[in-house]
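Here is the structure we will look at.
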Amino acid sequence: MRRLFALLLTLLLALLLAGCGNGFYKIPKEEYRQRVQTLGVLPLMYDNGSTISRGDREDVVTLLRRHNAGKEIRLVNMLREEKAYFDIRSVAGDPEQFFSSLVTGATMRGQGDQAYRSYRFDPQAVRQIADRNLVDGILVVILNGVTRTETRRDRALLSYLEAPYNSILVTAAVVAPTGEIVWEYPGREAFLPLQYPDFDEAYYNKSDAVKIKEITLPGLDRALTESGKGIFNRSSFPNLYQTLFDKLVGELKPGMLNMLKGKQPS
């Protein structure tokens, strides 16, 4: 009986931990609520120094930048609907210039399929953006390419191949005007896989060797464009971005602000 109770308790804890999400507050939530009441949302960026291991690398980068353009407006509106902040403001500007001025370095953290890239930011550049837009912090969302060891399965979920795969991940952070990261979202799940294991080729050739192939540029374009098609989901907004924004908005809710204090943006 005790063993059964211990097993149930372990499963319950695992479920609770799984529900905690991927977002990390670097300071206590109460302090976050007080410090970040007006949030500025920057355009989605791409880290041109990150890893895309293919001959058409520049075409992939151009594709990502094209699809990223203007998507932050949806994120701003979703955050406003949650009413968890005093105000949410869109910060206009060129994504490449923002990245160049804001990012001072990056570090790979985690191992295997949990590896992700964490960024550091220039305090002076953050302060200038915060002061210019009258916000308490800025939300920075960066798409970046990594190669890491993952386990991929076939469509029937019967076969698998553990190997290094190249993918696009997403790291997001809320940065205070001091340059301090007060919240970080390590996008450990691949936003856009760039490669796939060809189990069908191995099957039809009666071979145990499964080749890793690149998803074509048109295939990546279709993946970034594909929108909801179900009866209850007829949005024309792309699924990949909607799923990402759902996760970010779900994590960026520190609780209701004390509106009676009426704190104004710093």
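The values are calculated or read from the model by the stated rules, or taken from the named source; none is laboratory data. Nothing here was measured: the structure is a model prediction, and the numbers come from that model. Please note: Cβ atoms are built from the backbone with ideal geometry, for glycine as well, and neighbour counts cover all protein chains shown. For the accessible areas, the whole protein counts, side chains as well, though only heavy atoms, and no ligand, DNA or RNA atoms are used. Shrake-Rupley method; radii C 1.70, N 1.55, O 1.52, S 1.80 Å.
Write down the accessible area per residue of the range 81-146 in Å², having rolled a 1.4 Å probe over the full set of protein chains.
It amounts to 48 Å² per residue over the range 81-146.
Distance cut-off 29 Å, Cα to Cα: go down the list Lys211/Lys247; Lys71/Lys211; Lys29/Lys71; Lys71/Lys253; Lys26/Lys71 and report the pairs above it.
Long pairs (Cα-Cα over 29 Å): Lys211/Lys247; Lys71/Lys211.
Determine how large the accessible area of Arg74 is when every protein chain is in place; take a 1.4 Å probe and give Å² rounded to the nearest 10.
80 Å²
I want to check the label-to-label distance for Ser118 and Glu180. Put each point 7 Å from Cα in the C-beta direction and report it in nm to one decimal.
Taking the two extended label points, one gets 1.6 nm.
Please list the non-local residues whose amide H lies under 5 Å from the amide H of Trp183, H modeled 1.01 Å from N, same-chain partners needing a gap of 5 or more.
Residues meeting the criterion, in which the H sits 1.01 Å from N, are Lys26, Val174.
Accessible area, 1.4 Å probe, largest first: how do Ile181, Ile73 sort?
From most accessible down to least: Ile73, Ile181.
Using only the heavy atoms of the protein chains and a 1.4 Å probe, how would Asp47, Asp208, Asp131, Asp56 rank by accessible area, largest first?
Sorted by accessible area, descending: Asp208, Asp131, Asp56, Asp47.
Residue separation times 0.36 nm, minus the C-alpha to C-alpha distance between Thr107 and Arg132: what's the value?
Taking 0.36 nm per residue and subtracting the Cα distance, the gain is 6.1 nm.
Ser227's amide H: which non-local residues (gap 5+, or another chain) put their own amide H closer than 5 Å, with H modeled 1.01 Å from N in plane and none for Pro or chain starts?
Asn239
Using only protein heavy atoms and a 1.4 Å probe, report how much of Ser207 is accessible, in Å² to the nearest 10.
That residue has around 50 Å² of solvent-accessible surface.
For an R0 of 41 angstrom, estimate the FRET efficiency from the Cβ-Cβ distance between Tyr196 and Glu96 and round to the nearest 0.05.
With a Förster radius of 41 Å, E is 0.90.
At R0 = 45 Å, how high is the FRET efficiency between Glu82 and Glu214 if r is their beta carbon distance? Nearest 0.05 is fine.
With R0 = 45 Å, the Cβ-Cβ based efficiency is 0.75.
Can you list the residues, at least 5 places off or on another chain, whose amide H is less than 5 Å from the amide H of Thr51, using H built in the peptide plane?
Gly145, Val146
On full extension of the chain, what length is gained from Glu58 through Ala163, given 0.36 nm per residue of separation minus the C-alpha to C-alpha distance?
Gain in length upon complete extension: 35.4 nm.
Mind grabbing the accessible area of Val174 for me, 1.4 Å probe, Å², rounded to tens?
0 Å²
Can you compute 3J(HN,Hα) from phi for each residue in the range 54-60, using the Karplus curve 6.51 cos²θ - 1.76 cosθ + 1.60 with θ = phi - 60°, rounded to whole Hz and x for Gly and Pro?
7, x, 9, 3, 5, 5, 5
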